[in-house]
Structure formats: C-alpha cells, structure tokens
Amino acid sequence: LEELLEHLLHTTHHQSETIIFNSAVLVAMVGLYRFFQYWPALSLKWRQRAQTGWQHYKTQKLAAWQRLSPRQKLMAAGAYASGGALILFLLTL
C-alpha cells in the first residue's frame, strides 16, 4: 500500500506514511462518531435484555425456593448464615 501510494501520488516514504496514518485516524474518528450516534439505542436494548434476564433468574430462584420443604429451607438458611459468619470471621482475623 505504501509503495503504491508513493508511486501514484509521487510522494516520499514519510509522506505516504503520514497519509496512511491520517486516513486510519479519520476512519477511527468516523467509526467512533457512528458508535456514539447509535449508543442510546444499543444501551436501551442491553438494558431491556438485562432486565428480562434478571426477571427470568428471579422467577427461577423463587420457584426453586417454593418447591423446598420447610426443613430444606431451614437447612439452606442455616448453611448461608453459618457460611457468611465464617467468612466474616476469617476476614476479621
């Protein structure tokens, strides 16, 4: 590309490098402009997908919790409480 540019435009090596660099910067700037132009729509889609995923996760966890017997619920709560207490104990050593 560099040699072709030097031959077609009768430029030196440094000038052709400058042209290529400036072209790359221009393409990057246009790309960033387009990205920021579409950013609101993209972020809205991502936010909606995240909310949908979170609702699905919460629904699954609630259904799993409701299927547990009272004894299993008590054991799970005890395991989480003792695990949390153990972590706090280890962090405060």
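The values are calculated or read from the model by the stated rules, or taken from the named source; none is laboratory data. This structure is a prediction, so every number in the text was calculated from the model and none was measured. Quick reminder, even Gly has a Cβ in these numbers, built from the backbone with ideal geometry, and neighbours come from all protein chains shown.
Structure summary
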item	result
Residue under evaluation L42, criteria (1) at pLDDT below 95; (2) more than 30 Å from the chain's Cα centre (by Cα), criterion not met	(2)
Condition check for A77: among the small types (G, A, S), under 30 Å from L5 (Cβ atoms), surrounded by 10 or more Cβ atoms within 10 Å (Cβ to Cβ) and free of Cβ contacts under 8 Å to residues at least 40 places away in the same chain	no
Qualifying residue in segment 38-60 (condition: touching an Asp or Glu at 6+ places or on another chain (Cβ under 8 Å) and among the aliphatic types (A, V, I, L, M))	no
Tally of residues being loosely packed, with under 10 Cβ neighbours inside 10 Å and part of a helix (DSSP H, G or I) across segment 1-24	4
